[in-house]
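Here is the structure we will look at, set down as C-alpha cells.
The values are calculated or read from the model by the stated rules, or taken from the named source; none is laboratory data. The structure displayed is predicted, hence computed values, not measured ones. Note: ideal-geometry Cβ built from the backbone for every residue, glycine included; neighbour counts use all protein chains shown.
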Amino acid sequence: MCMRTFLWRLGLNTGPWPCRGLPRICFSSCSASRARRHWSYLPSPPTRDLATTQEVTIIALASLAETRDNETGNHILRTQRYVRILAEQLAKGPQAALLTPQYIDLLYQSAPLHDIGKVGIPDAILLKPGRLEPEEFAVMKRHAQYGHDALQAAVDRLGPTSFLRLAQEIALTHHEKWDGGGYPNGLKAEVIPLSGRLMALADVYDALICKRVYKRAFSHEETRAIILEGQGTHFDPLVVEAFLVEEAKFLVIAAEFSEAE
C-alpha cells in the first residue's frame, strides 16, 4: 500500500496547497464522518484503537517530512525521547504543575511532528549540501509556520484538541530563542511555550551529534559545550540545567538510535 493510500484510509488528505506547493495535510470530512458513525455503534469508546491509530498517523506524517530531508526516522525517535527526559526532570521543580504525567505523554506523542512543515520547502534548499545563502535561509525558516498551518487544517476539521494544540506549539516555536533572536516570531524567554523551549534543545543536540552531508558529527562533549554557551541566549537556562542533570540518558538514547553508516 502506498503512503498516499495509507493516509487516505486514516482519514487524511495530502493534496497540494493552492499556489504554495505545500502538501495539504488535513482530515477528510467524509472519512471523519464515517469514523464517527462507525464508533457510534460501539458500546464504549475504543480508546486503545484510537490511541494506536493516532500514534501511527503521527509517525506517518512525520515520516513524510523525514523522507524529504537528509535526516532519518531515528531523528524522530531520539528527539521525542530527549524531550520526555527534559520534561520529567523539570517536573521535579517549579514547573511541576504544568508538567503532569498526562502533559508529558502529550509532549512525547506530538514531538515527532516538529518538522512537518519541511514538506513545504523546495528540495534545492532542503537538501543543499552546504551553507544556505541568506535568501535561502529565509525560505527554510518558513517551515515552522508551514507546520503550524498544516496542523491547523486538522483543527479546522476536527476541532481543537490538547494534542493538536501542543503539536502546533512545537512546530511553530521550536526555533525561537530565549533572547528573542529566533524565528518565526522573535519570541523571548517565557513567552515561548515550554514545549518549544524543550524541543529547541532536543533538536539542536540531535543536529549536532549526527553526521550530515554538510557537517561531521560532533562529540557529546563538543555538543555539551555549545549548549552551555547558548544557555540564556539560545536556550532556557532551566532546560539547560535539566539537560546537564540528564545528559547520561541523552548518550544512551543517541547510541540506541544511532544512524546507520
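Scan the range 130-172 residue by residue and report those that are under 12 Å from G117 (Cβ atoms), part of a helix (DSSP H, G or I), more than 12 Å from the chain's Cα centre (by Cα) and of a type outside the set (G, A, S).
Once the filter is applied, which keeps residues that are under 12 Å from G117 (Cβ atoms), part of a helix (DSSP H, G or I), more than 12 Å from the chain's Cα centre (by Cα) and of a type outside the set (G, A, S), the range 130-172 yields V139, M140, Q145, Y146, D149, Q152.
What residue, of I125, I170, is in contact with a helix residue (DSSP H, G or I) (Cβ under 6 Å, 6 or more places away or on another chain) and closer than 28 Å to K249 by Cα?
So the residue among I125, I170 that is in contact with a helix residue (DSSP H, G or I) (Cβ under 6 Å, 6 or more places away or on another chain) and closer than 28 Å to K249 by Cα is I170.
Look at the range 207-237 and say how many of its residues are at pLDDT 95 or above, part of a loop (DSSP other than H, G, I, E, B) and not acidic (D, E).
Matching residues across the range 207-237 total 6.
Would you pick out the residues in the range 179-211 that are among the polar types (S, T, N, Q) and farther than 25 Å from F257 by Cα?
Of everything in the range 179-211, just one residue is among the polar types (S, T, N, Q) and farther than 25 Å from F257 by Cα, namely N185.
Of all the residues that make up the range 110-139, how many are surrounded by fewer than 19 Cβ atoms within 10 Å (Cβ to Cβ) and not aromatic (F, W, Y)?
16
Is it the case that Y205 is of a type in the set (S, T, Y) and closer than 15 Å to L244 by Cα?
Here the answer is yes, as Y205 does meet what is asked.
Would you call Q95 closer than 20 Å to E246 by Cβ and either assigned to a helix (DSSP H, G or I) or modelled with pLDDT under 90 (or both)?
yes
Can you work out which of the residues in the range 140-173 that are farther than 18 Å from I125 by Cβ and polar (S, T, N, Q) is surrounded by the fewest Cβ atoms within 10 Å (Cβ to Cβ)?
S162
Filter the range 205-239 down to residues that are under 21 Å from L194 (Cα atoms) and of a type in the set (S, T, N, Q) and give me whichever is surrounded by the fewest Cβ atoms within 10 Å (Cβ to Cβ).
So, considering only residues that are under 21 Å from L194 (Cα atoms) and of a type in the set (S, T, N, Q), the one surrounded by the fewest Cβ atoms within 10 Å (Cβ to Cβ) is T233.
Limited to the range 106-126, what total is found for residues that are closer than 30 Å to R84 by Cα and over 19 Å from the mean Cα position of the chain (by Cα)?
Total meeting the criteria: 0.
What about H175, is it touching an Asp or Glu at 6+ places or on another chain (Cβ under 9 Å) and not in a helix (DSSP H, G or I)?
yes
Within the set of pairs 6 or more residues apart or between chains, which connect a residue that is touching a residue at least 12 places away in the same chain (Cβ under 8 Å) and closer than 17 Å to S258 by Cβ inside the range 212-236 to a residue that is of a type in the set (D, E) and outside any helix (DSSP H, G or I) with Cβ atoms less than 9 Å apart?
Final answer for the pair search is R212/E71.
Out of F235, F250, F257, F243, I need the residue that is in contact with a His (Cβ under 8 Å, 6 or more places away or on another chain) and aromatic (F, W, Y). Which one?
Being in contact with a His (Cβ under 8 Å, 6 or more places away or on another chain) and aromatic (F, W, Y) holds for just one of F235, F250, F257, F243, which is F250.
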